[in-house]
Amino acid sequence: MRHNLALIREVACRTDSEWILAFKAFALWKTFPIFREYINSTTASSLSEARLAFEVFGAKAHTYSPAYKYEEFDDIVRCSSHLTFNSLSQYERFHERAAACSLGLRVNPEYSEVETLLYNPCAPGTRFGVTADKLPEQLPQNIRGFHCHCHCESGSDVFERSLQHIEEKFSKWFHQLEWINFGGGHLVTRKDYDIERLVRLMQGFHERYPHLKVIFEPGSAFAWQTGPLVSSVVDIVEDKGIRTAILDVSFTCHMPDCLEMPYYPEVRNAEHVEEQNCQLSTVNCQFVYRLGGNSCLSGDWMGYWQFDHELRVGEQIIFEDMIHYTTVKTNTFNGITHPSIAMEHSDGTIELLRRFTYEDYRDRMD
């Protein structure tokens, strides 16, 4: 994690931009003292996230929500330094109550290379952002910035193409602004990310618009490759030649992206194989298992995985790089127990941050 944070701080310096943590991907607040050594701000999308930023992280949030609720809005303003409206109607309804914040509008460039519609914020019919044809020639006087989010774990090549569309659609308003937020999904800490391309892009952007402050708000990039999920085999069942290793975790409860996207994480000491390429009765597919969750949802399983040995009850199955999004998207369907969260310090010691119990499940209904 410190490696990621140091790299992001370096990129922020080289690109003359601010990089802030998106809580929607990672909100493990016991790590915030480490984050504060490297970054100054976070981004929130709800009152709870805004309070976490202000009261725990120790700095007001850059806040955006698809729609603000009347009864929550004053508290959100209290916890926010920047506040972005999703629509002009939300701006009209609330802007007078948000005078203490630097106000922005989310804009929709009508371009995204995110292939999965569930994650594509620019898909036709999207509820996110204002398109260029709906913006007035003269923005409201207190609009200080644009917010544009159209990436998902993307490289700088994707950002380069997106930036062309953003400028074509919206640059005529840039002289009226003070800042632009390019959102999240910039996976700058991935090994194959082309940082030099990003540096060149930002150098050119600053030359064209030297008055604009640039903000990035990734989530995954901060926690990339910082936390595996360790599970155990609790049973092995077989039907119609398909063997399923049932684990003491759940995809629907703990790893919903694996079902929604679907997203296949790396499994330590195993190889993902396509079902159509694998006849389970052949020797080529020896030691192939579906990985099943321990819930009552029939579809709580993920893919086919080939191991180098026969799995046994009690054996560990380790999912790599599962701490971003996983810890914030969990649910308690079936009362499934959540995995404990631990942090390994630089001296090798392990600190248990949280162990979940029956009371956590019970008290959600209190």
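The values are calculated or read from the model by the stated rules, or taken from the named source; none is laboratory data. Treat the numbers as computed from the prediction; the structure is a model and nothing was measured. Here the Cβ positions follow ideal geometry from the backbone for every residue, glycine too, while neighbour counts run over all protein chains shown. Heavy atoms of the whole protein, side chains included, go into the accessibility calculation; ligands, DNA and RNA do not. Shrake-Rupley method; radii C 1.70, N 1.55, O 1.52, S 1.80 Å.
Apply the Karplus curve 6.51 cos²θ - 1.76 cosθ + 1.60, θ = phi - 60°, to the phi angles in the stretch 241-251 and return the couplings in whole Hz, x for Gly and Pro.
x, 9, 9, 10, 8, 8, 9, 8, 10, 9, 6
Per the Kirkwood definition applied to all pairs of different Cα atoms, how many angstroms is the hydrodynamic radius of the stretch 140-187?
11.5 Å
Taking all protein chains in place and a 1.4 Å probe, what share, in percent, of the accessible surface of the chain do carbon and sulfur account for?
Looking at the chain in its full context, I get 47 percent from C and S.
How much net charge surrounds H165 when only the other residues with a Cβ under 13 Å from the Cβ of H165 are counted, with Lys and Arg +1 and Asp and Glu -1?
Summing Lys/Arg as +1 and Asp/Glu as -1 gives -3.
Simple spin-label model, 7 Å along Cα-to-Cβ: Q141 to D321 in nm?
Here the answer is 4.9 nm between the modelled labels.
For F23, which sequence-distant residues (separation of 5 or more, or a different chain) have an amide H within less than 5 Å of its own amide H, given hydrogens modelled in the peptide plane?
T43
What are the ³J(HN,Hα) values, in whole Hz, obtained from phi via the Karplus relation 6.51 cos²θ - 1.76 cosθ + 1.60 with θ = phi - 60°, for each residue of the stretch 316-323 in sequence order, with x given for Gly and Pro?
7, 10, 10, 9, 6, 6, 10, 8
Which cross-chain or sequence-distant (5 or more) residues have an amide H under 5 Å from the amide H of H147, H modelled 1.01 Å from N in plane?
L105, R106, V107, N181
For the pair S89 and E274, what calculated FRET efficiency results from E = 1/(1 + (r/R0)^6), where r is the Cβ-Cβ distance and R0 = 35 Å, to the nearest 0.05?
The value I calculate is 0.15.
Place a +1 charge on the Cβ of each Lys and Arg in the chain and a -1 charge on the Cβ of each Asp and Glu, then give the dipole magnitude about the Cα centre in debye, rounded to the nearest 20.
Using Cβ point charges on Lys, Arg, Asp and Glu, the chain gives about 960 debye.
So what is the relative contact order of the chain, in percent, for Cα pairs below 8 Å that sit 6 or more residues apart?
Contact order relative to length: 15 percent.
When the chain is fully extended, how far beyond the present Cα-Cα distance does R208 get from E260, taking 0.36 nm per residue of separation? List each step's numbers first, then the result.
Details: separation 52, 0.36 × 52 = 18.72 nm, distance 3.98 nm.
That works out to 14.7 nm of additional length.
How many nm separate the modelled label positions at C13 and E110, each set 7 Å beyond the Cα in the direction of the Cβ?
Label at C13, label at E110, 4.2 nm between them.
Taking N as the number of residues in the stretch 111-217, what is its alpha-carbon radius of gyration divided by 2.2 N^0.38 Å?
Dividing the Cα Rg of the stretch 111-217 by 2.2 N^0.38 Å gives 1.08.
Nearest-5 percent of antiparallel DSSP beta bridges in the chain?
The antiparallel fraction comes to roughly 45 percent.
Taking every pair of alpha-carbon atoms in the chain, give the share separated by more than 34 Å as a whole percent.
Distances greater than 34 Å cover 34 percent of the Cα pairs.
For the stretch 92-168, what size does the Cα cloud have along each of its three principal axes, sorted from largest down, in whole Å?
Sorted from largest, the Cα extents of the stretch 92-168 read 38, 24, 23 Å.
At 1.4 Å probe size, with every protein chain present, just tell me what the per residue accessible area of the chain comes to in Å².
50 Å²
What value does the stretch 1-112 have for Rg/Rh, both radii from Cα atoms and Rh as Kirkwood defines it? Write out the running numbers ahead of the final one.
Numbers: Rg = 14.8 Å, Rh = 14.8 Å.
Using Cα coordinates only, the ratio equals 1.00.
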